[in-house]
Every structure is written in structure tokens, then in C-alpha cells.
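So the structure is just underneath, and the comments pick up after that.
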Amino acid sequence: MILIKLGGSIITNKEKPLSPRKKVVENIAKNLKKIDEPIIIVHGGGSFGHYWSVKYDMHTKPNRYDMHGVSVVKNSMIDLNKIILNAFVKNKLNPYSLPPTDFMSGNIPMIKKVKEITEIAISGLIPITYGDVLWYGNKKTYILSGDKIMTHLAKILKPRLVIFALNEDGLYSDLKTKKLIYELKGENPKISENKMDVTGGMTRKVDEASNIAKSGMNVFFVNGNKPERIVKAVKNNKYEGTLFRGKKNV
């Protein structure tokens, strides 16, 4: 089984509010048809959920945020999810929308419900879940990032491979020369953070990827604008990207 995160910067234009990149999503869908294993998809919020969560000053820490803001963020994520579902259906794939409320209680994953996602994926459907604003309790809500969902799902479901599709080729040791880091074995590189991303930007992705790798799974960062690299990562062919080498805890 393959667990894939479609970053918000890939599926939307983050510079322009509420702007999906439909051609990119369709190109990804076309390439996913070449994968002969069960797939689970998680997608970010990009210029939909992130845009509104910044507007309403909402964060990953549970708090009593503006309830109208909660509605707006949640509604925008449903809109974005529908765009992705439509692109998959158009390309003869079988997407199955799975809001995070189906398997999260507060900020705790419901293990039995998470394990059901494997059954859905094996059946021939493609579960597609996403970062969202969730009810926490006591009038509090919080932003659950797609990156955090990746860690929850990976640790419970133990997929063969975990892939983060980014708007870059991977991680760079030097941003000016764009010198690519091809492999990381446990070390965390320093990342300059995008302050407008309430879920932590690249820093969060690196933290979650490192966390997953420490549980023994290989994690690939690939450029989602070149979705053939997703297929190459799955089929173990050479491609440009960054590998977080899975390492079991001793």
C-alpha cells in the first residue's frame, strides 16, 4: 500500500486565494493509474483552507476560534476535495472522499476506523482525506494539517511507501544553487519556514517525514509537478527527489 500526500502548493496556486491547479491534479490522476497497488491520498489546503485559516487566525492548537471562520474553512476544504474527486473520476479512477472526522475523535485517531481505510483501499477505491478544521470539545476547534494526518495514518497502517508531493524537487542543501539532498538518514536539516502557512510549511513536512522514517518506513519527497516521479518512486526507479531512509527504533 502507498500513502501519498498532495501538498496544497501543488493542487492550488498559493499566491492566489481559492485557485485550484486543475491541470496539475488531472496529470497526477493520470499517472496514479500506472500504480498497481492500493493507494491512500491525503491533500493539503493550499489557497483554500490555508487562506481562510490565516484570515480567521486559526492554528493547530485547540482554541475557541471564530465559529463562522470554522464554517468557512471547513466549507472551503469540501470545495477543494470535490475538485480533486472530480479530476480522479474524470480519469476513470475510483476516489472515495474520507473527511478526517470519519477517523479522528478530537485530536486522537480512532485506530479501528483508521484500519478500515486499508480495507477501502484494497477494495479498489482510493480513499482521499484532507487537512481540515476539527471539533475538539468545550467549544474549541483546531486545524489538523494534512502532514499530521500522514503521520497518524503511516504509524497505524504501515504502508510500504510514503510520498510527499511538493512544489519543489525535494529538500535543498543550498536554496540559491538548489543543490538537492538525495538522502537523509535520521538527521533533520534546517528549513526556512513560510510564515504564512499556519500548519508549519516545509518545517512541518520535514518533522512529520522524519517521524515516519523513525518508525521504519521510507519517505520520499518528490516534485508533484512531475508526477511521473511519484510512479518512479513506487516502482523503485531512479528519479530526482529526497529520500528519508526508514530506520527502526532500537
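Taking the condition of being open to solvent by 60 Å² or more (accessible area, probe 1.4 Å) and either touching a residue at least 24 places away in the same chain (Cβ under 8 Å) or β-branched (Val, Ile, Thr) (or both), how many residues in region 18-49 meet it?
Total satisfying the criteria: 6.
Go over the candidates LYS214, LYS226 one by one and state the one that is modelled with pLDDT under 95 and on the phi < 0 side of the Ramachandran plot.
Every option except LYS214 fails the conditions.
If LYS112 meets every condition in (1) open to solvent by 70 Å² or more (accessible area, probe 1.4 Å); (2) assigned to a helix (DSSP H, G or I); (3) under 25 Å from LEU18 (Cβ atoms) apart from one, which number is that one?
(3)
Has region 50-70 got at least one residue that is under 16 Å from the mean Cα position of the chain (by Cα) and surrounded by 22 or more Cβ atoms within 10 Å (Cβ to Cβ)?
For region 50-70, residues under 16 Å from the mean Cα position of the chain (by Cα) and surrounded by 22 or more Cβ atoms within 10 Å (Cβ to Cβ): present.
Quick check on LEU134: is it assigned to a strand (DSSP E or B), under 30 Å from TYR56 (Cβ atoms) and either modelled with pLDDT of 95 or more or in contact with a strand residue (DSSP E or B) (Cβ under 6 Å, 6 or more places away or on another chain) (or both)? Please lay out each step first, then the result.
Numbers: assigned to a strand (DSSP E or B): yes; under 30 Å from TYR56 (Cβ atoms): yes; either modelled with pLDDT of 95 or more or in contact with a strand residue (DSSP E or B) (Cβ under 6 Å, 6 or more places away or on another chain) (or both): yes.
Spelling it out, LEU134 is indeed assigned to a strand (DSSP E or B), under 30 Å from TYR56 (Cβ atoms) and either modelled with pLDDT of 95 or more or in contact with a strand residue (DSSP E or B) (Cβ under 6 Å, 6 or more places away or on another chain) (or both).
Going through THR12, THR101 one at a time, which residue ends up being within 27 Å of LYS115 (Cα to Cα), modelled with pLDDT of 95 or more and not acidic (Asp, Glu)?
THR101
The values are calculated or read from the model by the stated rules, or taken from the named source; none is laboratory data. All figures in this text were calculated on a predicted structure; none of them were measured in a lab. Note that we place each Cβ from the backbone using ideal geometry, even for glycine, and neighbour counts take in every protein chain shown. The protein model used for the area step is the full one, side chains on, heavy atoms only, and it has no ligands, DNA or RNA in it. Shrake-Rupley method; radii C 1.70, N 1.55, O 1.52, S 1.80 Å.
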